[in-house]
Amino acid sequence: MAKQKKNPKINPIIPPKEHVYLDGPKSRGYELNFAWRVLKQFVMGFRHLHFVGPCITVFGSARFKEDNEYYHAAREFGTRIAQLGFTTMTGGGPGIMEAANRGAYESGGRSVGCNIQLPFEQVGNRYVQTSITFEHFFVRKTLMIKYSYAFIIMPGGFGTMDEFFETLTLVQTKTITSFPLVMFGKEFYKDIWEAMQLMAAKGTISKEDLNLVLITDDIDEAMHHITKYIRSNYKIKPRKKLWWLIEKN
């Protein structure tokens with residue numbers, strides 16, 4: 001196992017979260033300050049994620065412990081992603097996120113965490129080389145999608161479902177490229193998959209939309225699905241640094 005180094009953190013000083021930004025109109029000064037804070041988070045994210053390399057994002061629950069079968073699977077996914085030459089990106093917290101980051105880190109791959117400021121549960125894990133903490137979910141989610149070329153959805157809760165369905169909607173509406181989406185855990189996602197099939201049967205989505213998602217229990221099948229798409233559509237080229245923006249590669 002590689003010796004673990006102290007991981008550099010990119011955690012700006014973020015004011016305490018105010019749970020009122022969607023609570024109707026505020027003063028113009030408040031709205032301007034809110035917009036400025038959001039802009040600063042986006043710019044921070046753009047600058048620090050620009051050179052992390054092409055990513056594959058792993059979504060999943062923060063609540064699974066190290067002895068859970070899905071933790072083991074996520075750790076293996078991190079290893080496979082590193083072997084593919086991609087960066088593993090997660091929400092930066094414990095559980096599935098830690099496992100995927102850990103698999104990448106221990107395999108000598110690159111590991112990134114986009115953390116979120118929460119009053120509970122979301123403590124950054126130690127297996128990331130780059131960790132960024134955001135104040136708002138929508139900023140974090142946008143950046144986790146922006147830099148990724150495939151998405152692995154492990155078992156999770158409300159947050160994981162939010163991330164899955166938003167990503168799927170962006171692919172379905174061609175707002176982003178039709179990147180591979182893998183749902184891992186047939187038994188766990190059985191009812192949700194059946195609900196999606198019902199949507200197709202009732203005509204609220206097209207039957208072809210079901211093809212946008214691979215549901216599987218097989219890590220080999222999942223990685224083959226992702227690898228086949230990436231190798232058929234992309235070539236990796238180095239990005240040039242711009243000295244006048246003080247960029248670090």
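Any idea of the accessible area per residue across the range 90-185, 1.4 Å probe, to the nearest Å²?
33
Could you pull out every residue, at least 5 positions away or on a different chain, whose amide H is within less than 5 Å of the one on Val213? Hs are placed 1.01 Å off N in the peptide plane, and Pro or chain starts have none.
none
What list of ³J(HN,Hα) couplings, whole Hz, do you get for the range 111-116 from phi and the Karplus terms 6.51, -1.76, 1.60, once you set θ to phi - 60° and write x for glycine and proline?
Values per residue, Gly and Pro as x: 9, 10, x, 9, 7, 9 Hz.
Top to bottom by accessible area (1.4 Å), largest first, where do Lys228, Lys186 land?
Working: Lys228 130, Lys186 100 Å².
Largest accessible area first, the list is Lys228, Lys186.
Taking amide hydrogens as modeled 1.01 Å from N in the peptide plane, which residues meet the under 5 Å criterion relative to Thr133, leaving out close sequence neighbours?
Under 5 Å from the amide H of Thr133: Asn115.
What are the ³J(HN,Hα) couplings of the range 74-80, residue after residue, when phi is run through the Karplus curve with 6.51, -1.76, 1.60 and θ = phi - 60°? Round to Hz, x for glycine and proline.
Along the range 74-80, the couplings run 5, 5, 5, 4, x, 4, 5 Hz.
What ³J(HN,Hα) values, in whole Hz, does the Karplus curve 6.51 cos²θ - 1.76 cosθ + 1.60 give for the range 143-154 when θ = phi - 60°, with x put for Gly and Pro?
My calculation for the range 143-154 gives 6, 5, 7, 4, 9, 10, 10, 6, 9, 10, 9, 7 Hz in order.
Excluding residues fewer than 8 places away in the same chain, name every one of the aspartates and glutamates whose C-alpha is closer than 19 Å to that of Lys207.
Within the straight-line cut-off, Lys207 pairs with Glu166, Asp191, Glu194.
Which entries in the list Lys26/Lys141; Lys186/Lys235; Lys40/Lys228; Lys190/Lys228; Lys190/Lys235; Lys65/Lys202 go over 27 Å, if you measure between the two C-alpha atoms of each?
Working: Lys26/Lys141 25 Å; Lys186/Lys235 32 Å; Lys40/Lys228 37 Å; Lys190/Lys228 25 Å; Lys190/Lys235 35 Å; Lys65/Lys202 39 Å.
Beyond 27 Å: Lys186/Lys235; Lys40/Lys228; Lys190/Lys235; Lys65/Lys202.
The values are calculated or read from the model by the stated rules, or taken from the named source; none is laboratory data. A quick note: this is a predicted structure, and the numbers were derived from the prediction, not measured. Just so you know, the surface numbers come from the protein's heavy atoms only, side chains and all, with ligands and any DNA or RNA stripped out. Shrake-Rupley method; radii C 1.70, N 1.55, O 1.52, S 1.80 Å.
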